[in-house]
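The values are calculated or read from the model by the stated rules, or taken from the named source; none is laboratory data. Treat the numbers as computed from the prediction; the structure is a model and nothing was measured. When we count neighbours, we look across all protein chains shown, and the Cβ atoms used for this are built from the backbone with ideal geometry, even at glycine.
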Amino acid sequence: MRRLLAKSRSSTYPGSSRYQARTEVSLGNPKAKRGIIQKAMDCPNMMQYELAAWAKSTYKLKKTPPQSTVSDNIKNADVIMSDEYGDGNRYRPLRVTSLPLERTLIEWIQKVESQGVCLSRELIKMNARDIQRECCDARVKRGDEIDRKAYAVDQLLAM
């Protein structure tokens, strides 16, 4: 009896013959989302399950996306099709917290790189913090440890 239980338990672990890993069916890529929206606009009589099958074959997905995912993409078409959503190369678009900070940082990076200087991530972060202190309009993300420390220092200096 113990062997039967041990055998049945072991079949649910990774590496066993009956274990199946989760497969990705989400349409995280903006290009795929925009493709579904465009196909829905081009073929308004196409059903959502047909759009899902089309997306599976076109974007070589492991599984057909659920109808609810297709529905959500069509419902949020105005946001997904906007330029702010991303250029299609990122799975999750970056959220800009401060437009002046972003512009100033991009200008600085381009100026320094044109001089032939190789920038590290840490150097860019340090300059971004300096620009943030000058602009004072960027919001601090709660989950980012470095930004929280910089925010705490800014609060102490403001007192």
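Structure data summary
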{"quantity": "Residue in the range 96-110 that is surrounded by the most Cβ atoms within 10 Å (Cβ to Cβ), counting only those that are at pLDDT 70 or above and not in a helix (DSSP H, G or I)", "calculated": "S98"}
{"quantity": "Residues satisfying the stated conditions in the range 111-159, i.e. surrounded by 10 or more Cβ atoms within 10 Å (Cβ to Cβ), at pLDDT 85 or above and assigned to a helix (DSSP H, G or I)", "calculated": "K111, V112, E113, L123, I124, K125, M126, N127, A128, R129, D130, I131"}
{"quantity": "Filter result (over 18 Å from M81 (Cβ atoms) and crowded, with 18+ Cβ neighbours inside 10 Å) within the range 30-53", "calculated": "A52"}
